[in-house]
1. Spot the failing condition for residue 298; the list is (1) surrounded by 20 or more Cβ atoms within 10 Å (Cβ to Cβ); (2) out of contact with any helix residue (DSSP H, G or I) (no Cβ under 9 Å at 6 or more places or on another chain), and only one is missed.
2. Answer yes if at least one residue in the stretch 192-202 is within 30 Å of residue 52 (Cβ to Cβ), assigned to a helix (DSSP H, G or I) and modelled with pLDDT of 75 or more, and no otherwise.
3. Out of 54, 65, report the one residue that is in contact with a strand residue (DSSP E or B) (Cβ under 6 Å, 6 or more places away or on another chain), closer than 20 Å to residue 272 by Cβ and either at pLDDT 50 or above or outside any helix (DSSP H, G or I) (or both).
4. Sort out which residues of the stretch 351-371 are crowded, with 19+ Cβ neighbours inside 10 Å and in contact with a helix residue (DSSP H, G or I) (Cβ under 9 Å, 6 or more places away or on another chain), and write them in order of number.
5. For the stretch 103-152, which positions are touching a residue at least 60 places away in the same chain (Cβ under 8 Å), in a helix (DSSP H, G or I) and under 26 Å from residue 303 (Cβ atoms)?
6. Can you tell me how many residues in the stretch 266-284 are in a helix (DSSP H, G or I) and in contact (Cβ under 8 Å) with a residue 60 or more places away in the chain?
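The values are calculated or read from the model by the stated rules, or taken from the named source; none is laboratory data. This structure is a prediction, so every number in the text was calculated from the model and none was measured. Using ideal geometry, Cβ is built from the backbone for each residue, glycine included, and neighbour counts are taken over all protein chains shown.
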């Protein structure tokens, strides 16, 4: 009979090899689980940053932009007060100054509130005087500069809020990538070590066992074969599957983040940054091939009264309703975005200014006829003023400026109308109004 030698030395050697393999596997499992936990922590932190960006940073950033816009409007209306050539015009411009100075967004910011109060007091005194002398103009120059600088500071602060969150998320993504590379390197190193252990602890014993098995033909020979298990490889495979799932989740999270960064949270339209990107691309294409293209700016009339009377929830409902009307009224090729606050911007590709006026009038008419029900059983109605500018032969900023001037002309002409920035007379669209200069409005 052939028997396998089981001396105490051989037994201790086999037991030591098994214990070593178990310890190496345990150490690898702990380190690898820690890497997976680190990745899970980064994923959780990234999701928290995204939620914070959506629920806090972006609204705060938009509030800063709205506040900066209101300060700029206050400054422009102050210019109108001092530029008025008679007391009646001064009183009309001063009324708008008073409304802007009492805007909730200005009152909520201490620096802006104090500056608005100072501006209102100064302009009230200036408007009551018989004439505007040099001292008043010098003082207004100082206040106007202060308004512009404060608006710029507030706008930059709003941008920096979102920029800091995006920077943190980029850092988390980069940190996760490095940890993922480390985890993959750890897997490869373990496989190399496992192959070495297989050679030393499995192949050599198998050679010895094969030699012993050749003696089983001898009568009475017996051998007890060791039970080798490779369950660790299955655990490694399962861990790699988990890593792949984490990578897919991170990819999905990045896609959601890109969509969030390009979309206005309240209206689901393009936000201002993404709208400007799309508009610049369309203008470049149209000007390269000599095709017509138009730009439009729309502002909801008396939107502040809706917030004051019905509350901000009703104001948000009104903005959403207008966004729905935009989506259902404009063409698929048109580009729309929330430009800021209650102001919206449009790009009309392959469209002359006259055709853009007709499209804008259709949008204005739909909104004019729309009744927005409130949760308390009441309802509100909205109108909008729209400015249209030809963008086929000028930069985007210039076209937006002309559209903005036309928008303010529409506001000054009585609101709820569309005005083209050009001086040529346009055919009157069905249901439209006509301002004193003969523009469609």
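1. (2)
2. no
3. 65
4. 351, 359, 363, 367
5. Hits for the stretch 103-152 are 104, 144, 147, 148, 150, 151, 152.
6. 9
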